[in-house]
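The values are calculated or read from the model by the stated rules, or taken from the named source; none is laboratory data. Just so it is clear, the structure is predicted and the values come from calculations on it, not from any experiment. Here the Cβ is made from the backbone with ideal geometry for all residues, glycine too, and neighbour counts use every protein chain on show. Quick note on the areas: whole protein, heavy atoms, side chains included, nothing else; ligands and nucleic acids left out. Shrake-Rupley method; radii C 1.70, N 1.55, O 1.52, S 1.80 Å.
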Amino acid sequence: MLIGEVNLPNETQSNEYHFLNLNDFILQEKVGFGSFGKVFKVKEKKTKKIFAAKISIDELTESSNELKNNISREINIISKLHHPSILEFIGYSPINFKKKMKPVIITEYASNNTLEKLIEIERSSQATTTILNPTHKLIIIYGIA
């Protein structure tokens, strides 16, 4: 698929691609960040369901082949993964909410915070009760293994 001057993955490369129209979503608060970009909560206008949108910090250009390959590889992998411990891939948009060529990957939203956040809360004694009891800890360890 050609958007602007940038070649993007199309259905012939993978029948799992789900191109999304970001006009169907409302951008909400930032919930995290990583090497790829920032993660925001988004709400689907029609269903009111909450999802996570990972928005690239880098803009796609004709010369950004490495970025295009990395995004294509990530989408190809996560679109094929179906496991309760892995966030479900919802779709992809090559254009962000500000209409810039910054790819967006939308996945299901994990509302239970990250493991890092739970450990941080527990260590800092912000929690009035123990968040991670021994059973929760074993479930997490088993899931990681």
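Mind checking which residues of the range 100-119 are assigned to a strand (DSSP E or B) and surrounded by fewer than 16 Cβ atoms within 10 Å (Cβ to Cβ)? Glu108, the sole residue that qualifies.
Across the range 39-78, the qualifying residues are those that are among the aliphatic types (A, V, I, L, M) and part of a strand (DSSP E or B), and the one among them that is most open to solvent (accessible area, probe 1.4 Å) is Ile50. Across the range 17-30, the qualifying residues are those that are touching a Lys or Arg at 6+ places or on another chain (Cβ under 7 Å) and without any contact (Cβ under 8 Å) to a residue 24 or more places away in the chain, and the one among them that is surrounded by the fewest Cβ atoms within 10 Å (Cβ to Cβ) is Glu29.
Taken over the range 51-67, residues that are in contact with a strand residue (DSSP E or B) (Cβ under 7 Å, 6 or more places away or on another chain) and either among the charged types (D, E, K, R) or modelled with pLDDT of 85 or more (or both) amount to 8. All conditions in (1) at pLDDT 85 or above; (2) in a loop (DSSP other than H, G, I, E, B); (3) in contact with a Lys or Arg (Cβ under 7 Å, 6 or more places away or on another chain) hold for Phe97, with the sole exception of (3). For the range 26-38, filtering for residues that are part of a strand (DSSP E or B) and under 20 Å from Pro94 (Cβ atoms) leaves 4.
Taken as a whole, the structure places Leu115 among residues that are under 24 Å from Ser35 (Cβ atoms) and without any contact (Cβ under 8 Å) to a residue 40 or more places away in the chain.
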